[in-house]
1. Tell me, which residue of the stretch 13-26 that is assigned to a loop (DSSP other than H, G, I, E, B) and in contact with a helix residue (DSSP H, G or I) (Cβ under 7 Å, 6 or more places away or on another chain) is farthest from N47 (Cα to Cα)?
2. Which of the residues belonging to the stretch 1-37 are modelled with pLDDT of 95 or more and at positive phi?
3. Cβ-Cβ distance below 9 Å, separation of 6 or more or different chains: which pairs start in the stretch 54-77 with a residue that is within 21 Å of S26 (Cα to Cα) and among the hydrophobic types (A, V, I, L, M, F, W, C) and end on one that is open to solvent by 50 Å² or more (accessible area, probe 1.4 Å) and not in a helix (DSSP H, G or I)?
4. For the stretch 27-77: of the residues being part of a loop (DSSP other than H, G, I, E, B) and among the β-branched types (V, I, T), which is nearest to I16 (Cα to Cα)?
5. Just to be sure I understand, how many residues within the stretch 1-17 are of a type outside the set (V, I, T) and surrounded by 12 or more Cβ atoms within 10 Å (Cβ to Cβ)?
6. When the residues of the stretch 33-47 are filtered to those that are touching a residue at least 12 places away in the same chain (Cβ under 8 Å) and farther than 16 Å from L9 by Cα, which remaining residue is surrounded by the fewest Cβ atoms within 10 Å (Cβ to Cβ)?
7. Among the listed residues R50, R20, which satisfies the condition of being free of Cβ contacts under 8 Å to residues at least 60 places away in the same chain, open to solvent by 40 Å² or more (accessible area, probe 1.4 Å) and within 20 Å of D73 (Cβ to Cβ)?
Amino acid sequence: MDLLQEKLLKDFGQHIRKMRLDLNLSQDDVVLNANRITKGTISDIENGKRNLSFTTLVDLAKGLEVHPRDLFDFEME
């Protein structure tokens, strides 16, 4: 993975963590809402350690109770 990809994943993860906290949700809440996502997966996403598939993105949005497009509403370089 190159530096640009690493930065993008880290920025995305920070955005997801901010969304979750702004929605007053714990990682456990997201797991309960999502059905097919684990707490470890959420942690990896928020720490920029996981490159996501489309279905994981949809599950993450469901867990956060937002539309999938909201996941991409952050500044990218």
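1. L23
2. N24, the sole residue that qualifies.
3. Hits for this filter: A61/H67; L64/L23; V66/L23.
4. If we take residues in the stretch 27-77 being part of a loop (DSSP other than H, G, I, E, B) and among the β-branched types (V, I, T), then V66 is nearest to I16 (Cα to Cα).
5. Of the residues in the stretch 1-17, 11 are of a type outside the set (V, I, T) and surrounded by 12 or more Cβ atoms within 10 Å (Cβ to Cβ).
6. N35
7. Only one candidate qualifies: R50.
The values are calculated or read from the model by the stated rules, or taken from the named source; none is laboratory data. Just so you know, these numbers come straight off a predicted model, no measurement behind them. Methodologically, a virtual Cβ is constructed for each residue, glycine included, from the backbone with ideal geometry; neighbour enumeration extends over all protein chains shown. Calculation scope for accessible area: heavy atoms of the full protein, side chains included, ligands and nucleic acids excluded. Shrake-Rupley method; radii C 1.70, N 1.55, O 1.52, S 1.80 Å.
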